[in-house]
Every structure is written in structure tokens, then in C-alpha cells.
Amino acid sequence: MATAHSQTLRISSLSSSSSLSLSSKLPLSSAFSVSFRSSRRASRPLVVFVSAGLDAKPTVLVAEKLGEAGLKLLKEFANVDCSYNLSPEELCTKISLCDALIVRSGTKVTREVFESSAGRLKVVGRAGVGIDNVDLAAATEHGCLVVNAPTANTVAAAEHGIALLAAMARNVAQADASVKAGKWQRNKYVGVSLVGKTLAVMGFGKVGSEVARRAKGLGMNVIAHDPYAPADRARAIGVELVGFDEAIATADFISLHMPLTPATNKMLNDETFAKMKKGVRIVNVARGGVIDEDALVRALDSGIVAQAALDVFTVEPPPKDSKLIMHEQVTATPHLGASTMEAQEGVAIEIAEAVVGALKGELASTAVNAPMVPSEVLTELQPYVDLAEKLGRLAVQLVAGGSGVKTVKVTYASARAPDDLDTRVLRAMITKGLIEPISSVFVNLVNADFTAKQRGIRITEERIILDGSPESPVEFVQVQIANVESRFASAISDSGEIKVEGRVKDGIPHLTKVGSFDVDVSLEGSIILCRQVDQPGMIGKVGSVLGQENVNVSFMSVGRIAPRKQAVMAIGVDEQPSKDTLKKIGEIPAVEEFVFLKL
Ligand SMILES: NC(=O)c1ccc[n+]([C@@H]2O[C@H](COP(=O)([O-])OP(=O)(O)OC[C@H]3O[C@@H](n4cnc5c(N)ncnc54)[C@H](O)[C@@H]3O)[C@@H](O)[C@H]2O)c1
Ligand SMILES: O=C(O)[C@H](O)COP(=O)(O)O
């Protein structure tokens, strides 16, 4: 079939009432959040998700103590249920009534929690940094956004690290207990000095670098190990980045500041303790799991490790008879790193803003399990986000019943360099459009790739690099579904796939190609596609059938192969025509096939 010419008839103009609101309240360079509202529908989903029933106030379960300022923010927007010390069973029972959950490190947000929520839970807010207590894979599979509060407790944690370092070196806790027991043991509690000693900071992130800065102020020689930290950031505060073995072999003191991941789990173990300088002292305000605690007891007993100061433990609280806790050379605190008045107020505000934003459909800057796309990129892509979802919706509705959708090709034509166009959001929205009309699954930026994979849909992406100046990020987007039959034969392109193509014109998404026919219809309301033999009066005939039923036509366009040959008419309608009206359109003699598609 030859490429068609296109005639466009704009019957009545639609106003563009889309608005983009941006809020970027956090002091992070990549911070962004975006919401998209259109007056044509009460609350359009946004980049992340539509929360069902947002007309009613959402419910937020706060499962661990949160600062007042954060609670106040939450209460302005949601019903807030503060229920602390819930058992896992109680949490699973309550969660089915909640749209958001806020926890600190003491609550395990397991797969069972997401399953028990039966899709209602949209956001988990971790009021702090470490998200090792949240099953991220399960959250993603359930389309639940996880956000954290990564900055507000940094200084508190660093200060606690320094407090433990100094207290350990001078036996403060042991000496205090001894004095309170009525003793006066000045010789027993002679300490070691910090000045001039080498401190190895393991994990040179937010907390690690603040610890390093403070330790430099105490006159320590600071080295750091972090495979992902930029050397110039370390150099800027006079810290040398070294390899793992060099760090642990050189250090008089080791301070741990990495996250708990499969790679850091039990990073300090019998083997690595054996490589350390005899008499090394260890501080851990990161996560208990980065140390093999049994191995640490052995290293303390053998004298390889002279002392340890620990704020975090593999199991919290640790067993009362834990050899590690009871060890004379161990100073222990009950996970107090983030526990200052200031940090807890800051964390509470940071997490409340992130959770409220996410419930409103904004994508939080602190999203842990969703792509982080800079705000300016998202702003620019916003009309294409809408286009992408609608093309996905149209394409899947063109598939004939019984044909399984397995292979989808998305093509972006753009004058941008390939690495200058981030298509993750567009792909997610096409996936949403493809899957939501044919299932009860709720798809968002968080779970789009997972959901497509789970349903056996392979989505490949291709670029057409256009010449010219790349003013708009994308010239057109094509969605093709291969190996399927269509309810509308004309949607099958020359190469045998269902094909729809769209562009953004004046900020509004338009359908510009169906199969091999050029059309031009604004993607708002719904669409009737109609193949006919091109002849005078067809627009009038179809228009009058719709008019009789009071269905408002917003756009009409006819794409034809050649005058008086086959043509495809695309008609935008504001209301859904009745079956009877659609039947009447089908009965117009020149109409060969037609299909009604909901957007
Ligand atoms: N005790 C507390 O109350 C408390 C308070 C805040 C943070 N924390 C914990 O402290 C840790 C650090 O927090 P942050 O805010 O600095 O996080 P961060 O993400 O800013 O820094 C972590 C750093 O660890 C590095 N890293 C990752 N894998 C590593 C590895 N294998 N070896 C060495 N470095 C590695 C990363 O590159 C990153 O620079 C986290 O585990 C967090 O949960 C504890
Ligand atoms: O990762 C964190 O932010 C700290 O470990 C603090 O945890 P908490 O919120 O339970 O004090």
C-alpha cells in the first residue's frame, strides 16, 4: 500500500488546558517532581500513578515515631494513622486500608506487606537513608514507589560516628560504668590518642565524607575507600582514596559508612580482619550486616581488633546474651545515629513532603525504585509522555481478540543525539497504555518494565536520527505490534505490523499515522477510525450520523492513497457513541470497516 496524502479538517478547536507543575524543594541537583493536570479530566495520572479515589483523603500509616513537623504536613493532606510497634501480622492487616506507609529502620516492609495491601499501597516512605528494611523488588513488582529521606540525618550520623570514635578511644562508656559501680580505675582506662592516627573511612558518601571532614579537624590522617566516589571530591577535603586492602591494612581506626548490599554484606570477616593492623579500632554507624559479628568477636578476642564501637547490629535489638555486646572492648548504642532532635525534625519534613508529593502523583526526587530523570528533561518530555500512553492505548485496542501481544517496537524519530534523549519515561507510558486497557493491572513508572516482562511482552526501542536542529526532543513516535491480527485491517502497515504514529503539535499529542495512512487527529476524547472509498460527502455523512446522536466531533482527518481510492478517516469524538450510532456509521455504503477506540 502506498503512503497516503493527508487532508486535515479541523471541525472545532480544542483548548489546551494542560498544565505542568514543578516542585523541587530538596537541595539535590537531580531533584525533581512533576505532575500533569488536565481540566478535561479531574486528575490525570501523572508520571507516576493515579491514586484511585484521590477525591477522598488518602490514608497514611505512620508505623514508627515521626517528628511533629512531618506529621503536621501529612495531616494537611491525608488521614494519618500513627500505630507504632505493630507486629508483622498487624501491619499486614492494617496495610490494606492505607495508601502510604512511613517507617524508620525498625519495621520490615516485606513482600507480604505489599501482597496484603492488594494494590492500595502506593508509596512507602523511609524516614531515613537505609532502605535495606524494605523489599524493593516486591515494591517494584507491586508498582509501589519507595522514597527515602537521604539528607536530613547525615550530620547526625557523622556526629555520632565521631562521638563513638572518641568515646571508644578514651573508654568513656566503660569508665562511666565503672565509676557508677563505685570504682575509681584510672590506670585501667588509659586510652589512645586520635591525633596523628590514620582513619580509613569505608564508604565516602554523605556520612563518610562528613566524618572524614571532622576527623581531619581532630588532626587525623584520613584515607577512604569507595569504589564509586570521585577522587576529586575526596581530594577537595584532603582525603586520599585507596583500595580496600590498603585501607584496612594501613588504618589505626576504621569507620564504616557504606550501605548494606549483597556486595557489602559481611565485608569485614575472618579473612579481612586478618589483613588489618593489629590493634585496629572499628566504628560502625552504617549497618550491622556489613560486619560478620562472630568474626568480630574472634578478632576482638585475638587482639587483632583492640576495640569496636557499634551503633548498628545484624539483628536489632541484638540478643541480650550477645557475646559481641557483652564484650569488654565493645561500646554499643541502640541505633542512635540519626537520633537528634534536629535530624528527626528534618527527616520527618523530608519524608512527609516526598510522600504527599507522590500521593499527588508527583515523582519524588528521592524515589528509590523509579528512574531519576532530571526535572528539566521531564518538563520537556511531558507532552510526549501523554502521546506515548495514548499511542500504546490505541495500538493495543487495534489488536484483534485472540492475538496475544508479544512483540512491540517503539521508534523515536529525533534530531537529538542518542545519548541526549532519555526514553525511559516514554517507554513506561507506552507500556502503561498497552497493558492497562487489557488487564486490571495498574502500571506506572515504577513497575512498567517488570509488568511488561511478566506478561511476556518484549518492547524494543529504536531511534531514527533526523537531520536538523533538535528543537523538540522527539519529532514522532511510532508504536508497532508484530505478529497479530487487527480489528481494523487498515492499521496493518506494509511490513505487516499494527502501526500507529503520533506527534506533538502545539503541545497537544496527535495521531498522525495509522498503518500506512497519514491522518491527523488530536488525541483527546476518543477516536473512530473508518476506512472508506474516497468520495465527496463522506465527512458530512459520518458527521451527520454522529450529530443526530449529539456526539461532538472535535477533529476529522482523511488520509488517502490517491483521489477516489481507499481512504482512512480519523474522527475525534468527545462522547462515546451508542452501539446504534456506530452501527449506522458501518451501514454508510462507502464505509468498508471502522473501529471505535477509547483514549
Ligand atoms: N546509624 C544510623 O542511624 C545511620 C544514619 C544515617 C545513615 N546510616 C547508614 O550509613 C550508611 C551511609 O549513609 P549515607 O547517607 O552516607 O549514604 P550514601 O549513599 O551517601 O553513601 C554510601 C557510600 O557507600 C559507597 N559504597 C557502596 N558500596 C561500597 C563498597 N562496596 N565499598 C565502599 N563503599 C561503598 C557508595 O559509593 C557511597 O558513596 C548507610 O548504610 C546508611 O543506612 C546510618
Ligand atoms: O539509615 C538511616 O537513616 C539510619 O540508620 C537511621 O535509621 P532510623 O531512622 O531507624 O533511626
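Figure the gain on full extension for E461 and T407 (residue separation times 0.36 nm, minus the Cα-Cα span) and round it to one decimal in nm.
Working: separation 54, 0.36 × 54 = 19.44 nm, distance 1.11 nm.
Length gained, E461 through T407: 18.3 nm.
For I585, I237, what ranking results if the residue with the fewest other Cβ atoms within 10 Å of its Cβ goes first?
Listed from fewest to most nearby Cβ atoms, that is I237, I585.
Towards the positive end of the charge dipole of the chain, with charges on Cβ (+1 Lys, Arg; -1 Asp, Glu), say which of G119, A590, I291 has the farthest Cα.
Sorting the options by dipole projection puts first I291.
First check a/c for the stretch 373-523, with a ≥ b ≥ c the square roots of the eigenvalues of its C-alpha gyration tensor; if it is under 1.5, answer rounded, and if not, answer prolate when a/b is larger than b/c or oblate otherwise.
On the way: a/c = 1.75, a/b = 1.25, b/c = 1.40.
Oblate, since a/c reaches 1.5 and b/c is not below a/b.
Quick one: Debye curve from the C-alpha atoms of the stretch 350-398, no solvent, what's log10 I(q)/I(0) at q = 0.24 Å⁻¹?
Results for the stretch 350-398 at q = 0.24 Å⁻¹ read -0.94.
Using 0.36 nm per residue, how much length does the chain from K278 to E316 gain when fully extended, once their Cα-Cα distance is taken away?
10.8 nm
Would you mind ranking E593, E436, E353 by Cβ crowding within 10 Å, fewest neighbours first?
Ranked by crowding around the Cβ, least crowded first: E593, E436, E353.
How far is helix 68-77 tilted, in degrees, relative to the longest principal axis of the Cα atoms in the chain, given as a value from 0 to 90 rounded to the nearest 10?
Roughly 10 degrees between the two axes.
Can you put C144, C92 in order, fewest other beta carbons within 10 Å first? It would help to have the intermediate numbers written out before the result.
On the way: C144 28, C92 17.
If I rank by nearby Cβ atoms, fewest first, I get C92, C144.
Need one number: % antiparallel among DSSP beta bridges in the chain, to the nearest 5. Can you show the working numbers first?
Working: 56 of 104 bridges.
Among the beta bridges of the chain, antiparallel pairing accounts for roughly 55 percent.
Which chymotrypsin sites (Phe, Trp or Tyr not before Pro) does the stretch 178-276 hold that lie in a coil by DSSP with at most 12 other beta carbons within 10 Å? Show your work: numbers first, answer last.
Details: sites: W184, Y189, F204, Y228, F244, F253, F273; in loops: W184, Y189, F204, Y228.
Passing both the DSSP loop test and the Cβ count: W184, Y228.
Out of residues 5 or more away from K197 or on other chains, whose amide H comes under 5 Å of its own, with H placed 1.01 Å from N in the peptide plane?
Result for K197 returns N221.
Is there a pair in K406/K584; K108/K406; K360/K453 whose C-alpha atoms are over 29 Å apart, and which pairs would that be?
Working: K406/K584 34 Å; K108/K406 36 Å; K360/K453 27 Å.
With Cα atoms farther than 29 Å apart: K406/K584; K108/K406.
Can you pull out the trypsin sites (Lys or Arg not before Pro) in the stretch 82-128 that DSSP calls coil and that have at most 16 other Cβ atoms within 10 Å?
Working: sites: K94, R104, K108, R111, R120, K122, R126; in loops: R104, K108, R120, K122.
Here the sparse-neighbourhood loop sites are K108.
Nothing charged except the Cβ atoms of Lys and Arg (+1) and of Asp and Glu (-1): what's the magnitude of the dipole of the stretch 526-598 about its Cα centre? Round to the nearest 20 debye.
Values: 9 positive and 8 negative charges, 48 e Å.
That gives a dipole near 240 debye.
Expressed as cubic angstrom per residue, what is the convex hull volume of the alpha carbon set of the chain? The partial results should precede the final answer.
Details: hull volume 103.8 nm³, N = 599.
Given the Cα convex hull of the chain, per-residue volume reads 173 Å³.
Pop out the ³J(HN,Hα) list for the stretch 91-101 in order, Karplus 6.51 cos²θ - 1.76 cosθ + 1.60 with θ = phi - 60°, rounded to Hz; leave Gly and Pro as x.
Each residue of the stretch 91-101 in turn: 5, 4, 6, 5, 5, 5, 9, 10, 8, 9, 10 Hz.
Tell me what the chain gives for mean residue ellipticity at 222 nm when only DSSP H runs of n ≥ 4 count, each as -39,500 (n - 2.57), the sum divided by the residue total, rounded to 500 deg cm²/dmol.
On the way: 18 runs with 181 residues, N = 599.
Counting only the DSSP helices, I get -9000 deg cm²/dmol.
Given a cut-off of 21 Å, name the pairs among K122/K598; K409/K505; K188/K275; K409/K432; K57/K94; K499/K598 whose C-alpha atoms lie farther apart than that in the structure shown. Before the final figure, lay out each step's value.
Working: K122/K598 26 Å; K409/K505 23 Å; K188/K275 28 Å; K409/K432 15 Å; K57/K94 17 Å; K499/K598 17 Å.
Result: K122/K598; K409/K505; K188/K275 exceed 21 Å.
Measure nothing fancy, just the Cα-based angle from helix 375-397's long axis to the longest principal axis of the chain, in degrees from 0 to 90, nearest 10.
So the helix axis and the longest Cα principal axis differ by about 50 degrees.
What do you get for the angle between helix 154-169 and the principal long axis of the chain? Use alpha-carbon atoms, 0 to 90 degrees, nearest ten.
It is inclined by approximately 20 degrees.
Could you please state, rounded to a whole Å, how far the C-alpha centre of the stretch 109-167 is from the C-alpha centre of the stretch 524-543?
Comparing the Cα centres of the stretch 109-167 and the stretch 524-543, I get a distance of 54 Å.
Computed from the coordinates by the stated procedures, all read-outs in this text should not be read as laboratory data. Just so it is clear, the structure is predicted and the values come from calculations on it, not from any experiment. With ideal geometry, Cβ positions are generated from the backbone for all residues, glycine too; neighbour counts draw on all protein chains shown.
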